[in-house]
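Here is the structure we will look at.
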Amino acid sequence: MDQLFIWQLNILPFLQTLSDILTAAIAITSFSLFIYALTFKLHDRLTISFTILLFCMVLVFGSDAFVAAVRDKSILEILLRIDWIGIILLPAVYFNFSDALLTFTGKPSRGRRRVLSIITYIISVLFLCFLPTRLLVGEVVIKQNLSPYLQRNLLIEIFTIYFILVMVLAWYNMLRAVSRTVTHTSRRRMIYLVIGAIGPVVGSFPFLLFGSEFASKNLFLFWILAVATNIIVGVLSIVMTYAVSFFGFPWPDRVIKSRLFRWIMRGPATASLTLGATTLVKRFGDLFGLDLSLVVILVMVGVIVLFEYMVILFAPLWERIFFSGSDREDLEIIRSVEERMLTQKDLNQFLEMILAAICDRVQAKGAFLTILEKDSFGTILTIGKTSIRGKKFERELIQFLTSQSELPKQMNWKKILLINLFRTDPKGDKRIIGVIGVNGLKRTIEDEYHKALNRLASRAAMALNDRHQQEELLNSMEIFTPQVSMIQTLLAAGRYDRKDALSEELPLNKAEVNQWVKDALSHLWGGPKLSQSPLLQMSVIQKTITENGNGNAINSLRELLRTAIQQLRPAGERQYTNEWILYNLLDLRFIEGMRVKDIARRLSLSEADLYRKQRIAVAAVADYLINIEMESRSG
């Protein structure tokens with residue numbers, strides 16, 4: 001028995017060190033998850049109460065992590081009282097979270113749970129008021145083989161009973177929430193959430209034992225429990241955050257898993273491993289009287305660099321294995337699009353390289369390339385000395401090209417060698433998409449140089465053709481994005497409450513409606529952004545179609561947008577003053593279809609100011625649509 005006791009005493013410093021490392025790791029993880037929770041896109045009562053719950057855990061474990069590194073008694077007391085602020089607030093926040101969870105499953109409070117939630121907050125605030133008076137906890141107590149703690153005083157037993165009672169009530173709410181889930185998937189996610197919610201309760205357990213006879217008489221068992229609870233709390237905190245993320249983000253499951261996984265690996269996992277490694281090296285040096293300051297720095301840098309390298313190297317593999325599932329091939333294609341995408345800047349750089357190669361090949365003074373867009377030249381790139389002289393030159397070149405019955409690959413015009421660029425349309429016909437012009441040729445071009453020029457021109461035509469196809473893809477994605485956003489919002493709303501997923505009403509998000517209105521206005525007189533707009537699903541549009549018999553949804557939306565613009569028109573005859581600026585801008589831009597430069601000149605605005613005013617005007621139209629939609633739904 002004596003040998004067992006001596007062995008336990010020898011292993012106590014190791015357990016205490018391990019507990020300190022785990023406590024700091026939980027503090028880092030809680031803070032990282034707290035920041036992650038602040039990024040939730042869907043802020044409701046559930047996600048807000050969860051964020052506050054994480055903040056309480058940050059107070060508890062963060063202050064306790066600093067306690068292990070502080071020796072000054074006055075600073076220790078401040079840190080431990082911050083620790084108790086988190087513990088005191090935890091029951092009220094925890095019950096509010098459980099109430100929000102039960103409400104989310106379609107069981108709103110009829111008044112009793114809400115009143116009880118308010119009462120718990122009032123009681124917690126009262127205990128907070130007692131914290132400075134030392135009626136709850138007293139002075140700092142420092143004992144060997146125990147972390148510093150505040151002396152237990154008169155009200156601590158009452159608080160413990162209150163803590164346990166509120167936790168029981170909160171768990172009753174959570175079990176009711178689990179029982180209300182119907183499908184296997186929703187129940188599984190709810191169970192994840194409820195199991196994860198054990199973390200804050202278990203995490204507060206060791207702090208309630210400090211100063212008790214159990215902790216003093218059973219040091220070895222106490223530290224074993226402390227280490228075990230810290231490990232459990234760390235894992236359950238991540239599980240809980242994962243479960244709540246389904247409420248916070250309108251994204252597919254695989255995206256939520258992947259982003260949380262990367263966040264944890266790059267943040268708390270890296271920081272915790274670094275902290276653990278440096279702490280072990282430092283305490284090893286203290287144990288043997290060695291100065292390992294340089295080794296600590298090397299270990300710190302080494303762990304950070306190596307672990308980040310491992311994350312970058314293996315994270316894509318882990319994600320493909322665990323998160324992608326049967327959609328792996330589709331996701332690989334989507335991910336490869338970004339790497340292979342040819343942006344306008346990339347295209348310009350490639351075409352300038354082609355022009356430079358042409359000039360070097362035939363020793364020309366300069367060259368230009370024009371891209372044909374809707375029977376006019378759009379982007380014009382030049383290199384060296386060229387003969388381009390403004391719009392007149394462009395018109396003459398267009399007239400020359402259109403006057404030709406057949407366009408060869410190369411032709412001469414005004415001492416300029418023209419190399420035509422073609423692409424094949426879906427019908428198999430060749431269409432000109434651009435022209436390369438070579439100026440200042442010093443000598444006659446031989447046949448082998450013609451072949452080289454044609455080869456370079458074919459590469460330029462291939463790049464232009466690829467960019468044209470990518471623009472079509474981007475336009476399709478731009479139209480596709482609002483509809484996917486709506487589907488994801490319904491998916492997020494219906495994960496636990498199926499009646500929201502079955503709702504036929506369009507979920508109105510201000511930022512999304514603003515974008516939908518802007519897109520619809522840009523194609524007001526015809527185009528896919530109007531004909532495929534999510535605004536067509538508005539109940540006010542559907543009622544108009546029903547009332548008019550064979551009404552057209554697109555025409556109804558067009559008239560609704562025009563009516564919304566008219567709402568911005570001030571009374572009286574039209575003027576070009578500040579009072580009229582929003583109406584004039586929308587009318588000229590979208591109704592009359594004037595160019596931005598002409599509108600800016602008419603309204604005496606810079607283009608940057610015009611776009612700012614346009615955002616305000618579009619937001620006003622969106623507000624009008626939201627208001628009449630809400631009236632239509634309530635009616």
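With N residues in region 504-634, what two-decimal value do you get for its Cα radius of gyration over 2.2 N^0.38 Å? Walk me through the numbers on the way to the answer.
Numbers: Rg = 15.1 Å, N = 131, 2.2 N^0.38 = 14.0 Å.
Against the empirical 2.2 N^0.38 Å value, I get 1.08 for region 504-634.
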Label-to-label distance, nm, for residues given as residue 575 and residue 70 (7 Å Cα→Cβ offset): 6.5
log₁₀ of I(q)/I(0) at q = 0.10, 0.15, 0.16 Å⁻¹ - region 15-165, Debye sum with one point per alpha carbon: -0.41, -0.87, -0.96
Net charge of Cβ neighbours under 12 Å - reference residue 98; Lys, Arg +1; Asp, Glu -1: +3
Derived scalar couplings ³J(HN,Hα) [region 46-56; Karplus, 6.51 cos²θ - 1.76 cosθ + 1.60; whole Hz; x for Gly, Pro]: 5, 5, 5, 5, 5, 4, 5, 4, 5, 4, 4
Interchain or long-range residues, amide H under 5 Å from residue 433's placed H: 421, 422, 423
Global geometry of region 12-94, whether rounded, prolate or oblate, following the gyration tensor of its Cα atoms and the 1.5 cut on a/c: prolate
Under the Karplus curve 6.51 cos²θ - 1.76 cosθ + 1.60, θ = phi - 60°, whole-Hz ³J(HN,Hα) for region 432-437, x wherever Gly or Pro sits: 6, 10, x, 9, 9, x
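By how many nm would the segment from residue 627 to residue 284 lengthen if fully extended, with 0.36 nm per residue of separation less the alpha-carbon distance? Intermediate values should be presented prior to the final figure.
On the way: separation 343, 0.36 × 343 = 123.48 nm, distance 6.71 nm.
Fully extending the segment from residue 627 to residue 284 adds 116.8 nm.
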Rounded, prolate or oblate (a/c below 1.5 giving rounded, otherwise prolate when a/b exceeds b/c) for region 585-635 by Cα gyration tensor: prolate
Extension gain (nm, one decimal) between residue 591 and residue 545, 0.36 nm per residue minus Cα-Cα: 14.3 nm
³J(HN,Hα), Karplus 6.51/-1.76/1.60, whole Hz, each residue of region 97-102, x for Gly, Pro: 5, 5, 5, 5, 5, 5
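Rule-based calculations on the coordinates, nothing more; no lab input. Bear in mind that the values here come from a model prediction, so they are computed numbers and not experimental data. Every residue, glycine as well, gets a Cβ built from its backbone with ideal geometry; the counts of neighbours run over all protein chains shown.
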